[in-house]
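> I'd like to ask you about the structure that follows.
Just so you know, all these numbers are worked out from the coordinates, no wet-lab data involved. Remember, predicted model here, so these are calculated numbers, not experimental data. So basically every Cβ, Gly included, is an ideal-geometry build from the backbone, and we count neighbours across all protein chains shown.
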Ligand code: GLA
């Protein structure tokens, strides 16, 4: 957690509202493997990271809520009796959504003030949205002593995104951000919403994230399209979700779906199996096997599920050229954001230097490198 940022947010809060706030840190996440499997009720393998969102919150005696987005220097005032999504509302809709979903559960809130800010670049695929949603619901739960469980809170966050932002996301991001465990990745079964922690100990290797610093437009609608393709194929197979399908089942309806959609469903089935294989590789400390699974995941995301982009593919190709990188793939929803790379520690510096130069030459823009720590989930940090 970024303590400098925390201090700035708290002092800004004190300056504006003249009262000591409750302060919540909610982390972003990485994902080892298991992309676009969560809304298919399959497996994912995320971990919370030490970058995230810091929210300072306190009750207010005015009759409206005042919210300051510290990074953007944008302020917004809202009336709790008039909660509805705002067209092109950006960050506001995540907060409005959380409040709206809490109200739908019959929770009565009274006015409060918020100052929030973070150190996850937006569009990096590191779940700044889930971190924001979770920090708000967690802060409100504590402030008003609502007694919500962490599980109830992540579903509120997820529904906020579905109903107020319009992205029909799965549960991975909110879960990882809320339930993260220091130095552990969580093998999460998205059907039961239960996870098994795996200690991350890559010995002489480490994870490095590389941000393409691009976020191609239409990624939200492409995301929702992918989800509906998966759901319609599950419907044709008379199963609840693609998690229940085998490649053999899919084969039986091959002539009833387009070749593109067939490949998408096949990707999901194969990716889900790769997560299980990855957990075995982790158990056996077989980093070569884990690395191969990362490359296979990227290939599927690129060629079958078609959610990658030129910049992400380029970074993964660069990784493949370096024998000290065991595996790499795009991470998150796609169309930009970060790749995750498993690299031999002694080779990290030279790889970063060469990949940064190559990226600059190719796209005439910088990529960013993050060496993240695996952190705990959402918590109060006063
Ligand atoms: C986004 C969504 C998640 C998940 C990933 C892809 O991050 O919010 O629910 O579907 O994309 O794995």
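> Once you sort the root eigenvalues of the Cα gyration tensor of the stretch 2-113 as a ≥ b ≥ c, which label holds: rounded (a/c under 1.5), prolate (a/b larger than b/c) or oblate (the other case)? Spell out each step's value before the answer.
Values: a/c = 2.25, a/b = 1.35, b/c = 1.67.
Oblate, because a/c is 1.5 or more while a/b does not exceed b/c.
> Between helix 287-299 and the chain, what is the angle of the helix's C-alpha long axis to the longest principal axis, kept within 0 to 90° and rounded to the nearest 10?
In the chain, helix 287-299 runs at an angle near 80 degrees to the longest axis.
> Using a Gaussian network model on the chain with a 10 Å cutoff between Cα atoms, which of 351, 363, 138 fluctuates the most?
363
> For the ranges 107-116, 171-180, 292-301, 352-361, what's the packing order if you count other beta-carbon atoms within 10 Å of each residue, average per peptide, and put the highest first?
Answer by packing, highest mean first, reads 171-180, 292-301, 107-116, 352-361.
> Give the residues of the stretch 1-33 whose amide nitrogen is closer than 14 Å to a point set 7 Å from the Cα of residue 200 in the direction of its Cβ.
1, 27-33
> Using a/c under 1.5 as the rounded threshold, could you call the stretch 1-50 rounded, prolate or oblate? The axes a ≥ b ≥ c are square roots of the C-alpha gyration tensor eigenvalues, and prolate needs a/b larger than b/c, oblate otherwise.
In terms of gyration-tensor shape, prolate.
> Does the stretch 261-382 classify as rounded, prolate or oblate by the C-alpha gyration tensor (a ≥ b ≥ c root eigenvalues; a/c under 1.5 gives rounded; else a/b over b/c gives prolate, otherwise oblate)?
In terms of gyration-tensor shape, rounded.
> Using a Förster distance of 51 Å, how high is the FRET efficiency between residue 239 and residue 8, based on the Cβ-Cβ distance and rounded to 0.05?
On the way: r = 50 Å, r/R0 = 0.98.
Efficiency, rounded to the nearest 0.05: 0.55.
> Work out how much length residue 261 to residue 248 would gain on full extension: take 0.36 nm times their residue separation and subtract the Cα-Cα distance, in nm to one decimal.
Working: separation 13, 0.36 × 13 = 4.68 nm, distance 1.56 nm.
Net length gain for the segment: 3.1 nm.
> When the Debye formula is applied to the Cα atoms of the stretch 117-219, each taken as the same point scatterer, what base-10 log of I(q)/I(0) results at q = 0.17, 0.18, 0.21 Å⁻¹?
For the requested q values the scattering log ratios are -0.94, -1.03, -1.27.
> Next question. For the stretch 174-244, calculate the relative contact order in percent as a whole number, restricting contacts to Cα pairs under 8 Å that are 6 or more residues apart.
Over the stretch 174-244, the number comes to 15 percent.
> Report the Cα-based extents of the chain along its three principal axes, largest first, to the nearest Å.
Each principal axis gives a Cα extent; for the chain these are 60, 51, 39 Å.
> On a 0 to 90° scale, report how tilted helix 219-236 is relative to the longest principal axis of the chain, with both axes built from alpha carbons and the result rounded to the nearest 10.
For 219-236 against the chain, the angle is about 60 degrees.
> Now a separate question. Using a Förster distance of 25 angstrom, determine the FRET efficiency expected from the C-beta separation of residue 354 and residue 214, and round it to 0.05.
0.80
> At 222 nm, what value in deg cm²/dmol follows for the chain if DSSP H runs of at least 4 each add -39500 (n - 2.57) and the sum is divided by all its residues, to the nearest 500? Don't skip to the answer; put the middle values down first.
Details: 11 runs with 153 residues, N = 382.
Rounded to the nearest 500, the figure is -13000 deg cm²/dmol.
> Right, something else. What does the extension gain come out to for residue 221 and residue 363, with contour length at 0.36 nm per residue minus their alpha carbon separation? Write down the numbers at each step before the final one.
Details: separation 142, 0.36 × 142 = 51.12 nm, distance 2.53 nm.
Roughly 48.6 nm would be gained on extension.
> If you don't mind, another one. In a GNM of the chain with a 10 Å cut-off on Cα contacts, which of 168, 105, 159 has the highest mean-square fluctuation?
105
> Just need the relative contact order of the chain here, percent rounded to a whole number, with Cα pairs under 8 Å and 6+ apart.
Values: 804 pairs, mean separation 90.3, N = 382.
Answer for the chain is 24 percent.
> To continue, here is another question. Contact order normalised by length for the stretch 233-358, with contacts defined as Cα pairs under 8 Å and 6 or more residues apart; what percent is it?
So the answer I get is 17 percent.
> At what distance in angstrom do the alpha carbon centres of the stretch 163-215 and the stretch 219-257 lie from each other?
Distance between centres, Cα-based: 24 Å.
> Helix 150-160 versus the longest principal axis of the chain: what is the Cα-based angle in degrees, 0 to 90, to the nearest 10?
Taking the Cα atoms of the chain, the angle to 150-160 is about 90 degrees.
> Separate question: Order 61-69, 328-336 from most to least packed using the mean count of other Cβ atoms within 10 Å. Each step should come with its number before you reach the end.
On the way: 61-69: 15.9, 328-336: 25.6.
Packing proxy ranking, top to bottom: 328-336, 61-69.
> Can you give me the distance in nm between label points at residue 303 and residue 74, each placed 7 Å from the Cα along the Cα-to-Cβ direction?
In this crude label model, residue 303 to residue 74 measures out at 4.1 nm.
> Another question, if that's okay. For residue 373 and residue 288, compute 0.36 nm times the residue count separating them, minus their Cα-Cα distance, and round to one decimal in nm.
Fully extending the segment from residue 373 to residue 288 adds 28.4 nm.
> Using the alpha-carbon centroid of each, what span in Å lies between the stretch 322-381 and the stretch 34-79?
The distance from the Cα centre of the stretch 322-381 to that of the stretch 34-79 comes to 24 Å.
> Which one of 158, 270, 283 has the biggest mean-square fluctuation once the chain is modelled by GNM with Cα springs under 10 Å?
283
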